[in-house]
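A short worksheet on the structure shown next.
The values are calculated or read from the model by the stated rules, or taken from the named source; none is laboratory data. Model, not experiment: these values are computed from the prediction. Methodologically, a virtual Cβ is constructed for each residue, glycine included, from the backbone with ideal geometry; neighbour enumeration extends over all protein chains shown. We work out accessible area using only protein heavy atoms, side chains counted, and drop any ligands, DNA or RNA first. Shrake-Rupley method; radii C 1.70, N 1.55, O 1.52, S 1.80 Å.
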Amino acid sequence: MCGIAGEVVTGQADVLDLHAVARMTGAMRSRGPDGEGHWSAGRVALGHRRLSIIDLSDTGSQPMVDADLGLAVAFNGCIYNYKELRAELSDRYRFTSTSDTEVVLKAYHRWGERFVEHLVGMFAIALVDQRRDRVLLVRDRLGIKPLYVADVAGRTRFASSLPALLAGGGVDTALDPVGLHHYLSWHSIVPAPRTILRGVRKLPPATVRVLEPGREPRDHVYWQPDYTRRPEHAGWTAQDWQEAVRDALRTAVRRRTVADVEVGVLLSGGVDSSLLVALLAEEGQRPSTFSIGFTARDGLDGDEFAYSDAVAHKFGTDHHQLRIGDDELAPAVGQAVAAMSEPLGTHDVTAFHLICREVGRHVKVVQSGQGADEVFGGYRYHQPAADAPEHAAARVLRDAFTDHDDLAHILHPDWSAEGNPSADLLAAHLDRPGADTALDAVLRTDTHLLMPDDPVKRVDNMAMAWGVEARVPFLDQDLVELAAACPPELKSGQGGKAILKDIGRELLPVEVVDRPKGYFPVPALTRLDGDVLDMVRTALSSTAARQRGILRPDYVKALLDDPNGHSTKVGGNELWQVGVLELWLQQHGIA
C-alpha cells in the first residue's frame, strides 16, 4: 500500500541526515503516488509514500504519530483484521481515523512486541517508541512486503526498496560473493538476509528487530508453522481436507477484499488465479480481471487466453485482455529492470510489469495467485520429493537448481564464495526439526526461504512500480498453517496441487483444471533475438561488465554465440539470467 523509509542514529553520528531520508522517500514515488510525509524526533526519522487504500482521507496519512502514547509509525501493507482489532481495542483507546495504521499503533501499546502476533495481513512496519527510546522493524510472516536495511556511517537506514537505500547515499555497493552464489545457484533467488550487494540486507520474514541505543540489534522470529501431522486431524478423510482447505481459502480471499477501493484479480487462466475469481463470485462479487499475452514464437504459445476467457465468461467479470507485440517488449524490459529492487531473472517479470501497468489504469488493488505452488506442491521437483526418503530432501532440491560444481565454469575465480554457501543454507533449513517427510521439508524451505525472494518479490516490485497493491490469498497465515499439516500426498498428487485441482473441478470450467501447468508465457524472453538480444549482448560486452569481471569470458562468449542453446534447470534462458544481473547493475550505477 505504500513505501516506507527511515534512519536511526545507532553509532557515532551526531545528527540525523534528513536529506538522505527525503531522497529515499522520494525514490519510492511509484509505490505511493498519493502523498508523501516525514517525521523526525531525537535519533529517528521516518519517511512515507502513500497509496490510499483504506481511509482515503488525510486522517490516514503517514507517518502517523500518537503524542499521548509517545508512538510514531510508518507502515507498508494492509492489516486485514484491522476492524476486528479496532473493536477489541476500543475499550481502552480512542481512534481518530478509520485506518489500519492507527490500529497498529494501539496494538503495540496494548501488547508490546507481541502485537505482531495479533496482526493478520502483509506488512513492513517501522515503529518508534519514544518513551522507551526503542525502534521496531517488523516484517510479515511470509515476507510479502519487503524491508531493506543498511548501516551507513553510524546510522541504520531502512526502506521498502533497495534502490531507495542507494538514493540515500553512502551504501557499500560492492557485490556480495555469497549473494552472487545464491543468485546463480537458485535462478536469481537471494534469500534474506542477504542481497546481491554487500552493504544491504533484508529483514527476514516473520521477524521483529529491536533497535535500542548502546545495544546490538535484537531479532525475534514470531512465527514458523510445523510441517507435521497434527492429532486434531487424525481420522480426516481426503474429503474433509478438501472442505477445510476450501473454507480456509474462501476466508483468505474474503480477507483480501478489505479496502475502500475496488479489488481486481490477475487472471492467468491457471487453477490458482481462477479459484480466486470463483470464490469472489461466491461472495457475490464480479471483479475486474486482467490477462496478458504475447506473440507466439518458434512453436511457443504466447498466451493462455482460451482459459482466462473461459473463467471470465463463467463468472461474468469485467475482463481486460492485454496483447503485447514484440515491438513493445524491448522498452518494457528496460522499464522492468529499473523497477526491480534486486535483479530478477525469470522471464515473466516483464509480463507482470506490463499487466500491472494496465491494472493501474483501472484499479489500485488486485488479488494474485502467487504462493500456491510452494504451499501446495505445484513444482515439478515436488513429485520426486514426495517419493523420496526423509533424508533425501537436500538431493531433491540440489537436482532442481544449479550445481555448485557448475559455478566453477561460470564465475571468475575472484568471485568464488568460500565453500558452498548455497548448499549449506539449504541443508540448514531442510534438516531443522518440524518436518515429517522429505516433501514437508522441501515445501517448508520453498515457502519460508526461497519464495519471498522469487514470486512474492516479483509481483510486489512490478505491481508497486505502477502504484498497484497486489494481495496473495494463498499466503494467508491460516491457510499456510493448514496446508503445512495436510498429508503430503494430497498436495503432490495429480502432478501437483492435487487438493486445489479437486476443489477446482467443483468450481471451474474443466479445461482450466485438467491441463498442463502453465506460466506467464513470454516467448521473446525464452528465446532471445532482436532488440532484446541486442540489449543483453551490449550489457555483457560493455566495458563495465569486463571490468567487473564476474563471469568467465569463455562462458559469456559461449552464451552469446548460442543465445538460446543454454537453459537453466527450471527451463529459463541462461543468457537472460546473467544478462538481467548485468543490466540491473548498470541501471543502478553499481561499479
Where does the chain land on the Kirkwood hydrodynamic radius, alpha-carbon pairs, in angstrom? 24.4
With 10 Å bins from 0: P(r) over the stretch 476-591, alpha-carbon pairs, percent: 11, 29, 20, 18, 20, 2
Calculated SAXS-style log₁₀ I(q)/I(0) at q = 0.11, 0.18, 0.23 Å⁻¹ - the stretch 266-365, Debye, Cα scatterers: -0.36, -0.90, -1.24
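Considering only Cα-Cα distances, which of the following residue pairs are longer than 32 Å: LYS457/LYS569; LYS314/LYS569; LYS145/LYS569? Write out the running numbers ahead of the final one.
Working: LYS457/LYS569 21 Å; LYS314/LYS569 37 Å; LYS145/LYS569 28 Å.
Flagged as over cut-off: LYS314/LYS569.
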Using just the helices of the chain, give the 222 nm mean residue ellipticity in deg cm²/dmol: DSSP H runs with n ≥ 4 each add -39,500 (n - 2.57), and the total is spread over all residues, rounded to 500. -11000 deg cm²/dmol
Counting only other residues whose beta carbon sits under 9 Å from that of ILE292, what net charge do I get with K and R as +1, D and E as -1? -1
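Sort 345-356, 389-400 by packing, meaning the average of other beta carbons within 10 Å per residue, with the highest value first.
Numbers: 345-356: 25.6, 389-400: 17.2.
Result, highest mean first: 345-356, 389-400.
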Report the convex hull volume per residue for the stretch 33-129, counting only C-alpha atoms, in Å³. 92
Accessible surface of the chain, 1.4 Å probe, proportion on carbon and sulfur as whole %: 48
Applying a 10 Å radius around every beta-carbon, put 206-212, 522-528 in order of their mean neighbour count, most first. 522-528, 206-212
Counting only heavy atoms of the protein chains, get the accessible area per residue of the stretch 466-562 (1.4 Å probe) and round it to a whole Å² value. 39
Relative intensity, log₁₀ I(q)/I(0), of the stretch 215-296 from a Debye sum that treats every alpha carbon as a point, q = 0.15, 0.24 Å⁻¹: -0.79, -1.17
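With a probe of 1.4 Å, find how much accessible area the stretch 342-406 has per residue, and write the answer as a whole number in Å². Intermediate results must be reported in sequence, preceding the final value.
Details: 2280 Å² over 65 residues.
On a per-residue basis, the stretch 342-406 sits at 35 Å².
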Place a point 7 Å from the Cα of ASP68 in the direction of its beta carbon; the residues of the stretch 95-119 whose amide N falls under 20 Å from it are 95-112
Keeping every protein chain present and rolling a 1.4 Å probe, give me the accessible area per residue for the stretch 231-291 in Å². 37
How far is the Cα center of the stretch 17-78 from the Cα center of the stretch 540-568, in Å? 42
Using alpha carbons only, how many angstrom separate the centre of the stretch 126-164 from the centre of the stretch 345-395? 27
